[in-house]
Amino acid sequence: MGTLKWQHGDRLYVDTNLFIYAVEQVMPFAPQVQTLLNAADRGDVILVTSLLTLAETLVMPYRQGNRVLISAYRELFTFPPSGLVVVLPDAAILEQAARLRAMTPSLYLPDAIHVATAQSEHCDLFVTNDVRLKAAPGTTVILLSD
């Protein structure tokens, strides 16, 4: 696992799995994600994610009946911290997601929505741990595990 590199002022799209690492303290990735969140809080970078991330983060807490995690995720995406932009997918994003899905059949629709959101928000990097997203056209994907 390397060190995530960005430039001051970069816009970084943050995939769902990174929020899970941070909130649930999943090792060995939680400290690296916390460094990224701290950089956003200082204004060094801008983090972007889709409101779709809320739905994805809530699946396991609902399955497990974990009210603490449900509240934590709701709070995070309803009142995002400084430096985190949560984007509501609109028709343009969803249409671009459909184009991406049509061009790259291995890209699942939720992933295509994330990539389309990153593109619409002019993100410099897409940070994830999902190797399948490396196939996304028109996006520089960085794996946290690299």
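Contact order, relative form, for region 46-141: 28 percent (alpha carbon pairs under 8 Å, 6 or more residues apart, mean separation divided by residue count). Label positions at GLN25 and SER145, each projected 7 Å from the Cα along the C-beta direction, are separated by 2.3 nm. When ARG74, ARG42 are sorted by how many other C-beta atoms sit within 10 angstrom of their C-beta, beginning with the fewest, the order is ARG42, ARG74. Put in line by how crowded their Cβ is, counting other Cβ atoms within 10 Å and starting with the fewest, LEU18, LEU109, LEU143, LEU88 read LEU88, LEU109, LEU143, LEU18. Here the scattering of region 11-143 is modelled by Debye summation over its C-alpha atoms, one equal scatterer each and no solvent; at q = 0.10, 0.18, 0.22, 0.23 Å⁻¹ the log10 of I(q)/I(0) is -0.30, -1.00, -1.41, -1.49. Between HIS122 and GLN7, the modelled label-to-label distance comes to 1.4 nm, taking each label 7 Å out from Cα in the direction of the beta carbon.
Comparing THR57, THR49, THR78 in a Gaussian network model of the chain, where Cα atoms under 10 Å apart are tied by springs, the biggest mean-square fluctuation is seen for THR78. Relative to the Cα centre, the charge distribution of the chain, modelled as +1 at Lys and Arg Cβ and -1 at Asp and Glu Cβ, gives a dipole magnitude of about 240 debye. Add +1 for every Lys or Arg and -1 for every Asp or Glu among the other residues with Cβ under 14 Å from the Cβ of TYR21, and state the total. Net charge in that neighbourhood comes out at -4. Exposure proxy ranking for VAL68, VAL86, based on other Cβ atoms within 10 angstrom of each Cβ and starting from the fewest, stands as VAL68, VAL86.
Throughout, read-outs are computed from the coordinates displayed, never taken from laboratory work. Computed from a predicted structure; not experimentally measured. Heads up, the Cβs are rebuilt from the backbone with ideal geometry, glycines too, and the neighbour counts pull from every protein chain shown.
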